[in-house]
Amino acid sequence: MAPVLERDLSSYPRSLNETSSDGKNIYQTEKKAPACPSAFEFGNSTTEDCLYIDLFVPKKAIEEKLALEIFLYFHGGAFLAGTNVVVGPNRGAIIASEQNIIVMSANYRFGVFGFMFSNSLQDRIAPEHGIKYNDNLPVSGNQGLMDQQMAMIWTRENCKYFGGNKEKITLGGMSAGAQSLHAHLVMDSSKELFQQAIAFSGPQGIPYYNAEEGELITEGIAYLTNCCEGPFVPGIQPRCNPNRPIDSDVIQCMKRKSTEEIQEAAWKLVQAAPLDNFQRLTMIAEPYSPIVGTGMLKEMPFFHFQKGEIHHKPIIIDVADNEGWKFVEPVMFGLPCDNNNSVCDESWDRLKSFLFSDDDNHKIDESGIYNCPADGSECLEKVDEFLTDFTWYCNMQKCLIDGISGLLPDYTGNPVANAQEGHVNWELFSVNKQWLDVGKNASKEFAMQTEDPRATACALWNTIDLYMTI
């Protein structure tokens, strides 16, 4: 991993008072923080010195020494890109003012910089902050999640200085930010750092790498940055010589590489590694993502959710429509077609043949849910439906029904349907029914399937039962 530079504050103007009353320097934060380097894109607007938090605080919180609730947000970006400035003044300041809360938005590392695993690359937050990890497993590969933990710790330790209440911290996240929240909701090391969470449309259907796969990816980066020797065979993932795997010397060599050299290697690795290396969507959608089987994250959040192993905190979890749309192009990219008039149809069939067995493909085709229409241009919409259903919606519903809440909303019939003048017939219901039934052993009899607009699609995926396998 390229070196993290010492924080250089020389470019920030000092306040009129050189020091505060306690003798510590005060810096005016008038410039937006730089973004962290993306996985592949190069540019001067990013730097590894990027771990900043933006604050939007109602003026009276400081003037009246209040202790307001805090909303700490983590951006999305498929663990490949993004920045905390998505919550700019036109959003953060307005929300803070209108809702009388403190809005915070934190940067964190992503891509190869945030999720590089190796048994020779052990990372942990300084012990004085009280964070403990499972020492029976390697604590590596989840630097991005540690950055988020450090943002929570900083918030808890410092919010009293800007009118915040450390016992009322709500985490928010969108897409990869929501995936991060799913992890924090099951990680023991994050349990005491926040009180509530709102996870906006985080996919539960993209399996993360395990430690062995993470080590292979790091070997590929090491080879492509000339930090280890090994045979390169076209079509086979680059890796170090098995007789000399990743060690401290290789790690030090990689740390001496520039940000751009690491980014270039990360890009080359994704291009060089055949898709069947890991036989799933991860290498397409999130080629650099959290690592399971580690001291931070034992297994996929999906399985923790499914077993009811989740912190007992108030949470809101949602899935937005058409989440798969942004991923349609990458999952269809590079799949050759013989007939230009049916590019979408043929590419879609090729993608399905890569992901599913012949038997499962037959079930998918027989359902007719994702069959391409006669107009080939509309086939992309079917790919979007597939990605949204399988990667976001249905697997999320599956793990929530199985482990978190045995009762989802259920609706009575339309009372107007059988109406007579002067009389309305309501459907029968039991007023004694327990409307909120929570826990892994909860009843499922009122799970909302019949009214669910994607019930048919989810029934298909529940039958095929490939969650967390591709």
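The values are calculated or read from the model by the stated rules, or taken from the named source; none is laboratory data. Fair warning: this is a prediction, and the values are worked out from it, not measured in the lab. FYI the Cβ positions are ideal-geometry reconstructions off the backbone, even for glycines, and counts take in every protein chain you see.
Taking the criterion of being of a type in the set (Lys, Arg) and either part of a helix (DSSP H, G or I) or buried (at least 21 other Cβ atoms within 10 Å of the Cβ) (or both), the residues of segment 87-125 that qualify are 91, 109.
With in contact with a Gly (Cβ under 9 Å, 6 or more places away or on another chain) and surrounded by fewer than 17 Cβ atoms within 10 Å (Cβ to Cβ) as the only criterion, which of 145, 137 stands out?
Details: 145 fails: surrounded by fewer than 17 Cβ atoms within 10 Å (Cβ to Cβ).
So the residue among 145, 137 that is in contact with a Gly (Cβ under 9 Å, 6 or more places away or on another chain) and surrounded by fewer than 17 Cβ atoms within 10 Å (Cβ to Cβ) is 137.
For segment 194-204, the tally of residues that are more than 17 Å from residue 290 (Cβ to Cβ) and either assigned to a loop (DSSP other than H, G, I, E, B) or out of contact with any strand residue (DSSP E or B) (no Cβ under 7 Å at 6 or more places or on another chain) (or both) stands at 3.
With respect to the stated conditions, residue 216 is at pLDDT below 90, assigned to a helix (DSSP H, G or I) and either hydrophobic (A, V, I, L, M, F, W, C) or over 28 Å from the mean Cα position of the chain (by Cα) (or both). The single condition among (1) part of a helix (DSSP H, G or I); (2) in contact (Cβ under 8 Å) with a residue 60 or more places away in the chain that residue 128 does not meet is (2). In segment 47-71, the residues that are assigned by TED's automatic domain parsing to the domain that holds residue 36 form Cβ pairs under 7 Å with partners that are of a type in the set (Phe, Trp, Tyr) and buried (at least 20 other Cβ atoms within 10 Å of the Cβ), at six or more places apart or across chains, as follows: 48/113.
Of all residues in segment 22-34, one or more are under 21 Å from residue 261 (Cβ atoms), modelled with pLDDT of 70 or more and in the same structural domain as residue 86 (by TED's automatic domain parsing).
Sort out which residues of segment 176-234 are acidic (Asp, Glu) and over 19 Å from residue 122 (Cα atoms), and write them in order of number. Hits for segment 176-234 are 192, 229. Can you report the number of residues in segment 152-191 which are assigned to a helix (DSSP H, G or I) and either in contact (Cβ under 8 Å) with a residue 40 or more places away in the chain or buried (at least 17 other Cβ atoms within 10 Å of the Cβ) (or both)? So the answer is 21.
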